[in-house]
1. Taking the Cβ-Cβ separation of residue A:169 and residue B:114 as r and a Förster radius of 41 Å, what is the calculated FRET efficiency to the nearest 0.05?
2. If each of residue A:293 and residue B:50 carries a label point 7 Å out from its Cα toward its Cβ, how far apart are those two points in nm?
3. In Å, what Rg and Dmax follow from the Cα atoms of region B:47-219?
4. Cut-off is 10 Å between beta-carbons; in what order do A:134, B:161 appear when sorted fewest neighbours first?
5. Label points 7 Å out from Cα along the Cβ direction at residue A:219 and residue A:160: separation in nm?
6. Quote the FRET efficiency, to the nearest 0.05, computed for residue A:311 versus residue B:103 with a Förster distance R0 of 56 Å and r equal to the Cβ-Cβ distance.
7. Taking R0 as 41 Å, what's the FRET efficiency between residue A:206 and residue A:177 from their Cβ-Cβ distance, rounded to 0.05?
8. Given labels modelled 7 Å from the Cα in the Cβ direction, how far is it in nm from residue A:106 to residue A:275?
């Protein structure tokens, strides 16, 4: 409907727009042009005309500004509404979304991972609650944003720890201890939201979210193992990551049903799983040496038999 | 995990002593937790085209790993013949190449290809199979593989040069050096009468097709 209106205005308004070129605000390359423009640019309908005039660019995020006459940015007063942060500098849509989602997190315990939480978050930034329309209805972006934030925090934590060890201020932890602490630190970030976390997990498992959530999960596990000092360059690379991912997921599930004080049961579960994984390593070594011994035994037996039966005699 | 651990010894027996891959028993955790590298001392990861470098290192690592296994297969059959020392020497150079790529893989945090266990077996089978055709067969296989690999390295050198010769200087140097080594192996193969092998042209075409497929898959998977 907006497109039809824009289309009809296109011819009539084109000259009008050209005349107003000097007054319009800077347009940023829209990520989801229609969503953003529909919600936040109520007051500036004419802006849709330049977008409609290049329809094929409406749905891409063009790398360069599509507008022919590129102007220096003016203040974006129409977006931030009343008071709030009237930033003089350029804020991309992504940064704005980040700010809204971060603000929305404090409303999650109350409203869950929903558009209401996002709307509340937007309101604290001085934006209209309709800003939640920028995002999907199911709260996917909020959850992904939260997970991404947690992973970044974990990375920073591990990096700090590594620096401490490098500077000699702390002792290097043994592997199982390191993994246990890293996973515990990461899972503790869920504690404030643990009530609503099952909802988040089920949303993350939706087909359209799986690529992103899988991506976040694998990069987090990769980070943890990197800082743990994993230097495998063979199939062990995959084995280790698979095992650690399994441990993380099961511990997360246990945590969601845990009602013990400060989640003691969860940390004990985690400790046991990591001990299991370490045991697996020892068992694997034992199997290897047993296999070797067996092989030697069989070879010896084969040689003995060929000697006894005279099969190795050359005629 | 139990299945893998049980399968591993059987595979190891049949393959001799392969290093890593599925031939090695899967080890969940690093035994002593090697020193984690500080970002600043690792290869500088900023400003480089991660996607391109990722692919290059992954496929080269897989290639050297496969070449290693091919020579191992050839040595298993021809180790005690007159061609033994020549093959052993080429094998040693490939081992050095593999070591270098292991280091690069760790420095650039590149993941190895999932198909490593497969290349483990396929490489050995190719080496042993071509060696069963005789010395000339083994040399023909060497010529085919080394030609594929040097073309492949040349492509990579071209790609990196187009990107930014300055930024990728060490990587370019390494690849150039290795390309020269592989060319040398190719020439050694020809010297030892590779062209006299049975069905030389067919053999060469088939092997080179296999190499192209391996390169395509290892870059992506």
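1. 0.55
2. 4.7 nm
3. 15.8, 51
4. Ordered from fewest to most neighbouring Cβ atoms within 10 Å, A:134, B:161 come out as B:161, A:134.
5. Placing both labels 7 Å beyond Cα along the Cβ direction yields 2.1 nm.
6. After rounding, the FRET efficiency stands at 0.70.
7. 0.70
8. Between residue A:106 and residue A:275, the simple spin-label model gives 4.2 nm.
Since every read-out is calculated from the coordinates, none of them should be taken as a lab result. Remember, predicted model here, so these are calculated numbers, not experimental data. Please note: Cβ atoms are built from the backbone with ideal geometry, for glycine as well, and neighbour counts cover all protein chains shown.
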